[in-house]
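Here the structure comes first, spelled out in structure tokens, and everything after it is commentary.
The values are calculated or read from the model by the stated rules, or taken from the named source; none is laboratory data. All figures in this text were calculated on a predicted structure; none of them were measured in a lab. Cβ coordinates were reconstructed from backbone atoms using ideal geometry, including for glycine residues, and neighbour counts include every protein chain displayed.
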Amino acid sequence: YISFAPPKLVTRLWHLGVAGVVTAISTLWWSVLVWLTPAANRPWVGSTNDNNIWSLIFGYNGFGRLFGHGGGPGGGAPGGGGAANMAQIGTQAAQSAQITSLTGGGLGADGRGGGPAGVGFGGETGLLRIFNESFGPNIAWLIPVALIGGGLVIWLLRRAPRRNKERVGVLLWLGWLLIHIVIFSMTSGTIHPYYVIAMAPAVAALVGIGAPYIWQAYTRRTKIAWLLPLSIAATTILSVVMLGYNNYWPWLIWLVIATGGVATILTLLPLAQTKRLKQIILSLAIIAGMAAPIAFSISTVATAHSGSIPTAGPGATAINGTNNESTQAESSLIAYLLANQNGAAWIAAVNSANESAPVQLSSGQPVMAIGGFNGSDSTLTLAQFKQLVKEGKIRYYVTSSGQGKSGDPGGAGGPGGNSEIASWATSSGVKVAYGGTQYIVYDLSAA
């Protein structure tokens, strides 16, 4: 806007200033209210170890995502939520980002998010990361055409008036795409493949705008006619590579190779530019470029997805290895907890919100997630938890027996007070037989 909008520069700066103020007010008011509210009068700020809203914004969801985290401040007792030290904010998320047994792994030592079988959610950082097995099948199919087409439009319109709408549009979308590629490629902290959906509008726009220019450069036999065979070859190779990650549809790999290879060869041969030849080249190029992403799209739409980390394509899995993450707890556990609630405010306490969800959804009753979303929030001290038990507000502490399925309550608590609570509950509580095998239930009434 500041570079290409019609008004004078001073007017553009004024518009941006007003927009910035409006954006700040509309987005920060809630955070400021949380910051000003005494900790005793509000819930714990999740995914932080110091109960501070700015740690969540600039730490776990900010610098911690970008630069990774080799360790965060230790969990302590719930406090006043004062201003966080920026050095702490930058490394806050290490413990906060831990993934419990529900999600199949913890945060990698190198800052990558852990995933099934110990594989990082996003893979190694680097400029080619966006094309790897984690990210590539979700977005990268047409990126070569988007970049080539976008670059071509910028070059051809380099002498156009400042406010040329086509060039401005391409600059907008190309900037959008390149910023995301750099950020996603270099992010060392917690990252998930589905984040790349943010690049889809830019890829679609650049392909739609740039592809006709690539085609015209070829059909008019200009000096840059070679951009068409380059685009077809690059897209074909990339499709084959990504289809080969898990040997998806071998027949489709050969279809892409055949159509892309023939189209590339035809564009390189000194053949007469007949209408029929152009139609054949265009058809083969479209098949080579679109067959794989269309197949992936159909497979994704036709597959029921749930869970916290959905992905695209055949055999796509959620973070815990299934797209049907459990939302129901063992019926015998629910029946036992409800029958023995005895007026307790929470029918059970577990380590994290991920672990409490199946029990809460199945029972319709409150379940305490001691450590918040990931199990690492220090929401209670051991003394405070004991007091709740003494008052009869909590009677049962539930963990996984190791025989359960995804979504089951997990084991040991997170850092700080959570591990103390888990240790105390499992050592002082009395194991009870509830009629099932997926969980271990501890009765704390006599602790």
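Tell me, yes or no, whether region 216-232 has at least one residue that is closer than 17 Å to G136 by Cβ and either outside the structural domain of S134 (by TED's automatic domain parsing) or not in a helix (DSSP H, G or I) (or both). Checked against the condition, which is being closer than 17 Å to G136 by Cβ and either outside the structural domain of S134 (by TED's automatic domain parsing) or not in a helix (DSSP H, G or I) (or both), region 216-232 yields no hits at all.
When S101, S185, S134 are checked against the criterion of being at pLDDT below 95 and touching a Leu at 6+ places or on another chain (Cβ under 8 Å), a single residue qualifies: S185. So, in region 291-340, of the ones that are modelled with pLDDT of 65 or more, of a type in the set (S, T, N, Q) and farther than 29 Å from A433 by Cβ, which residue ends up surrounded by the most Cβ atoms within 10 Å (Cβ to Cβ)? Step by step, filter region 291-340, then rank; the result is T311. Entry remark, region 265-280: residues being part of a helix (DSSP H, G or I), farther than 11 Å from Y218 by Cα and not polar (S, T, N, Q) number 6 in total. Scanning region 362-369 turns up one or more residues that are modelled with pLDDT of 85 or more and under 30 Å from T300 (Cβ atoms).
Test R162 against the stated conditions and say whether it is among the basic types (K, R), in the same structural domain as I224 (by TED's automatic domain parsing), touching a Ser or Thr at 6+ places or on another chain (Cβ under 9 Å) and surrounded by fewer than 16 Cβ atoms within 10 Å (Cβ to Cβ). It is true that R162 is among the basic types (K, R), in the same structural domain as I224 (by TED's automatic domain parsing), touching a Ser or Thr at 6+ places or on another chain (Cβ under 9 Å) and surrounded by fewer than 16 Cβ atoms within 10 Å (Cβ to Cβ).
Taken together, V203, V256, V262 contain a single residue that is outside any loop (DSSP other than H, G, I, E, B) and within 19 Å of L147 (Cβ to Cβ), which is V203. At pLDDT below 50 and over 15 Å from the mean Cα position of the chain (by Cα), is that true of A146? The answer is no for A146.
Only one of the listed residues (L16, L28, L33, L9) is more than 30 Å from S378 (Cα to Cα), surrounded by 11 or more Cβ atoms within 10 Å (Cβ to Cβ) and either assigned by TED's automatic domain parsing to the domain that holds T381 or not polar (S, T, N, Q) (or both). That residue is L16. Pull up region 182-226, narrow it to residues that are surrounded by 15 or more Cβ atoms within 10 Å (Cβ to Cβ) and closer than 24 Å to L255 by Cβ, then point me to the one that is farthest from the chain's Cα centre (by Cα). Ranking the candidates gives Y218 first. For region 235-288, what are the residues that are closer than 22 Å to G208 by Cβ and basic (K, R)? Selection gives K278 alone.
If you go through region 333-384 and keep only what is over 28 Å from N52 (Cα atoms) and in a loop (DSSP other than H, G, I, E, B), you end up with N340, Q341, N342, G343, A344, I347, G364, Q365.
The residues of region 6-39 that are of a type outside the set (V, I, T) and either more than 29 Å from V170 (Cβ to Cβ) or in contact (Cβ under 8 Å) with a residue 60 or more places away in the chain (or both), listed by number, are P6, A24, S26, L28, W29, W30, S31, L33, W35, L36, P38, A39.
Scan region 419-447 for residues that are among the polar types (S, T, N, Q), under 38 Å from the mean Cα position of the chain (by Cα) and over 11 Å from V398 (Cβ atoms) and the total you get is 4.
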